[in-house]
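K.L.:
Okay, handing you the structure first.
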Amino acid sequence: MKVERVLAVGAHPDDVELGCGGTLALYRKMGAEVVIASVSCGDKGSRELSREETVRVRREEAERAAGIIRATYISLGLMDSEIFEDLENRARVIELIRNVRPNVILTHSSSDYHADHRTTSLLVNQASYIATSFRFETESPPLSWVPPVYHMDNYLGVNFLPEEFVDITAVIEVKKKMILQHKSQFPHLKERSGEDILEDMLILARLRGRQSGVRLAEGFRLFRAWPHIRTYRLLP
């Protein structure tokens, strides 16, 4: 099947680039439209800047990162660390899916380290099916198909066993460039928890590549619930 539209949903600006930036670059090379969405605006992602200024900076960073692969960036605008599974947020994600009308959705695993990641996974899993309901009304019309949902790797691969791999060796420089747009997060995360997001991404890409017989790879798991399952490959 030819994939024409891909929606990648992260909890925060930069999550998608870290988890599946290489795969998105490959989808674009194949001619698919790509939309990168963050559920939160990332307002708590700085110690020095005000929350308002942090939102502005992180949106600009996310838009630059998406622009590298000529993707579209959308923020749902929730507050960082305040993503909860409720009716209002479910409706937001349903409308996002209906508006983009994707053939494939990529999002977090339900076992990732951050509560926002886990809740985003839950919201996307639920919304991908309810987006077809005629009686759940949002601004956009319901879908006539249920998009398959793939969960991207957890941070550093903890508690995640991939089922499918994507060889990102040819696009690793593109993925690095996308991540490097999120300049505000490098000192913030280093000071907060010792994270080096670029180096950690490369460590995981080498591990998944070694596991799958290539130099560098990204790993995924299909959300295995009827009627999301397909008998054919949808990843690049």
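K.L.:
Taking the Cα centre of region 42-124 as origin, sum charge times position over the Cβ atoms of Lys and Arg (+1) and Asp and Glu (-1), and report the length of that vector in debye to the nearest 20.
P.N.:
Once rounded to the nearest 20, the dipole reads 360 debye.
K.L.:
Here is a further query. Note the listed values (1) 1.01; (2) 1.14; (3) 0.94, then indicate which one is Cα Rg over 2.2 N^0.38 Å calculated from this particular structure.
P.N.:
(3)
K.L.:
While we're on this one: Using 0.36 nm times the number of residues separating Leu207 and Met79, minus their current alpha carbon distance, what extension gain do you get?
P.N.:
42.8 nm
K.L.:
What order do you get for Ile105, Ile229, Ile74 when you list them from fewest to most C-beta neighbours inside 10 Å?
P.N.:
The most exposed by this proxy come first: Ile229, Ile74, Ile105.
K.L.:
Taking the Cα centre of each part, how many Å lie between region 1-21 and region 62-105?
P.N.:
Each part's Cα centre sits 10 Å from the other's.
K.L.:
From the phi angles alone, apply the Karplus equation (6.51, -1.76, 1.60; θ = phi - 60°) to region 72-80 and give each ³J(HN,Hα) in whole Hz, x where the residue is Gly or Pro.
P.N.:
For region 72-80, the Karplus curve yields 9, 10, 10, 10, 7, x, 5, 7, 4 Hz.
K.L.:
Now, a different point. Enumerate the calculated ³J(HN,Hα) couplings along region 85-97 in order (Karplus 6.51 cos²θ - 1.76 cosθ + 1.60, θ = phi - 60°), each rounded to whole Hz, writing x wherever the residue is Gly or Pro.
P.N.:
8, 9, 5, 5, 6, 4, 5, 4, 6, 4, 5, 4, 5
K.L.:
Per DSSP H run of n ≥ 4, the term is -39500 (n - 2.57); total these for the chain, divide by its residue number, and report the mean residue ellipticity at 222 nm rounded to 500 deg cm²/dmol.
P.N.:
Helices in the chain give a 222 nm mean residue ellipticity of -13000 deg cm²/dmol.
Readers should treat all values here as calculations from the given coordinates under stated rules, not as data from a laboratory. In this text, all values refer to a predicted model and were calculated from it rather than measured experimentally. For neighbour counting, all protein chains shown are included, and Cβ atoms are generated from backbone atoms with ideal geometry for every residue, glycine included.
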